[in-house]
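Have a look at the structure below before the remarks.
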Number of protein chains: 2
Amino acid sequence: MKFRRSGRLVDMTNHLLLHPQHLVSLTFFAERYDSAKSSISEDLTIIKQTFEQQGIGTLVTVAGAAGGVKYVPLVGEEEANSLVQTLCGVIANPDRLLPGGYLYLTDILGNPNMVSQIGKIFASIYANRKIDVVMTVATKGIPLAYAVASFLDVPVVIVRRDTKVTEGPTVSINYVSGSTKRIQTMVLAKRSLQEGSNVLIIDDFMKAGGTINGMVSMLEEFKATLVGIGVLVESDEDIEERLVDEYISLVKLTDVNVKEKQIEVSEGNYFSYLNEIKIEDEQEEEK
Amino acid sequence: MKFRRSGRLVDMTNHLLLHPQHLVSLTFFAERYDSAKSSISEDLTIIKQTFEQQGIGTLVTVAGAAGGVKYVPLVGEEEANSLVQTLCGVIANPDRLLPGGYLYLTDILGNPNMVSQIGKIFASIYANRKIDVVMTVATKGIPLAYAVASFLDVPVVIVRRDTKVTEGPTVSINYVSGSTKRIQTMVLAKRSLQEGSNVLIIDDFMKAGGTINGMVSMLEEFKATLVGIGVLVESDEDIEERLVDEYISLVKLTDVNVKEKQIEVSEGNYFSYLNEIKIEDEQEEEK
């Protein structure tokens, strides 16, 4: 079927958006639209310009016989800032406070559009790292982990707190919860994670970091490598010692007073992380 | 900023795909691109044609002052058939068999792209129904529920088997598991579902239907209305009586022999459901 440029642009945009981080050969598009590769190249230039200008991401071209083009989802600093400010405003509502200094986030995490936007920020941070799989722990981190994974084009593995018959053989570890100091168990299906995988850990909430620390221990059992840790909300309330060093958070609870029903919310360490990256890049250039 | 048609087509396609079932006014696009509404209308005609021709979905135009255009995601019968056949082939692998006639589906449900395609089929079935929320039960149904919800532009609520401190006050019900006949408990956070909501239930696996039946009972507690039930895989193995009448399944396990390591897999009732709809439509037209 012969396509005009306008039809091609619409369908190519859809195809690229549906397959982020996935290399598509020019031949694929040329055959799909019965068009010359030179026309396809021009189409891709238009799409790349628009994606970059509108903050959708970029197209990366890989030369050679095995080459092609891939859509890399990116979130600009301005857009990320706007989303984080919105989140801070929504999260600062004292009605969210639950006993123990926990926070009701179910409505935010129940909104697929919001979750997708948050996921795109984390995927944007790790867009150039080699990641094989996104890991999270059941239940609340799951939607966010899927959102990140869909922009990275990798699978999700879910660590559970209980063994289910539908998982098959599992590996189980004990870990100490950072806040309650109690010993807890987490399990992961043996077939769900391959040895040597590069893993990005994503979760919705982190206090002392015991659960995330547990996941890091789980990685050792699978001889897997930790690439990074991303959390939506971190809280430093009632924490003697943070068990996790390097992580990226979007929102930070600095002061939680359950009695007075007050929460103080600020942006997480994401933007200072961005600045560090910038300084590193500048130093690279000076060299 | 002034846009040429080619840039508009790329950005409008992205915007519409990101906001399924969401009415966007022509004024929004006209201002976004500093273009005449007549040009925007022509753009939308091109996008609609391409979406329909390529099986992406359609654009529905709503006339009047409060009008606009919305993207309705649809999956054609051919595309759905191809996905279901792929799923049947993947699921028929006897290595998936687990004790009790359960099936290892974690790898399929861990693939965001696959989950998204499955979700689009269910969203396509219910595209013209009034749905306020998608409900599922933790843990394995969650990614599928999010995929469906993202194409319907509605939130997800997650029923749990245990009470978590981060949920706030909950409503709890007891139900009888259809397969094991044991009494089990499920809970739902009070603030997560509004009274009178129209609910679509989505789950990954159904045997006798006890868990889904439990969710239906939960709906009564919230005075909510059941719109439909969608399951990825149904199994009629060892079932004396199905507890759920009306549901749509994509894949059906007809014969599971754990001892012999054999599974017989066929397509679910989805296509017979499609045929019923067609016959109803024809009867409508004859009247």
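The values are calculated or read from the model by the stated rules, or taken from the named source; none is laboratory data. All of these numbers come straight from a predicted model, not from anything done at the bench. Every residue, glycine among them, receives a Cβ derived from its backbone with ideal geometry; neighbour counts consider all protein chains shown.
Scanning the stretch A:98-113 for residues that are β-branched (V, I, T) and more than 7 Å from chain B (Cβ to nearest Cβ) gives a single hit, A:I108.
Condition check ((1) within 24 Å of A:Y146 (Cα to Cα); (2) in a strand (DSSP E or B); (3) within 10 Å of chain A (Cβ to nearest Cβ)) across all residues:
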| site | (1), (2), (3) |
| --- | --- |
| B:P143 | yes, no, yes |
| B:V148 | yes, no, yes |
| B:T163 | yes, no, no |
| B:I173 | no, yes, no |
| B:G178 | no, no, no |
| B:I212 | yes, no, no |
| B:V216 | no, no, no |
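Applying the set (1) more than 10 Å from every other protein chain (Cβ to nearest Cβ); (2) assigned to a helix (DSSP H, G or I) to A:T136 leaves exactly one unmet item: (2).
Only one of the numbered conditions (1) outside any strand (DSSP E or B); (2) among the charged types (D, E, K, R); (3) touching a helix residue (DSSP H, G or I) at 6+ places or on another chain (Cβ under 9 Å) is not met by A:E220, and that is (3). Looking only at residues of the stretch B:88-133 that are surrounded by 20 or more Cβ atoms within 10 Å (Cβ to Cβ) and part of a strand (DSSP E or B), we find that the one that is modelled with the highest pLDDT is B:V133. With the requirement that a residue be of a type outside the set (D, E) and either on the phi > 0 side of the Ramachandran plot or outside any strand (DSSP E or B) (or both), what does the stretch B:71-80 give you? Of everything in the stretch B:71-80, those that are of a type outside the set (D, E) and either on the phi > 0 side of the Ramachandran plot or outside any strand (DSSP E or B) (or both) turn out to be B:L74, B:V75, B:G76, B:A80. So is B:T136 touching a strand residue (DSSP E or B) at 6+ places or on another chain (Cβ under 6 Å) and without any contact (Cβ under 8 Å) to a residue 60 or more places away in the chain or not? Spelling it out, it is not the case that B:T136 is touching a strand residue (DSSP E or B) at 6+ places or on another chain (Cβ under 6 Å) and without any contact (Cβ under 8 Å) to a residue 60 or more places away in the chain.
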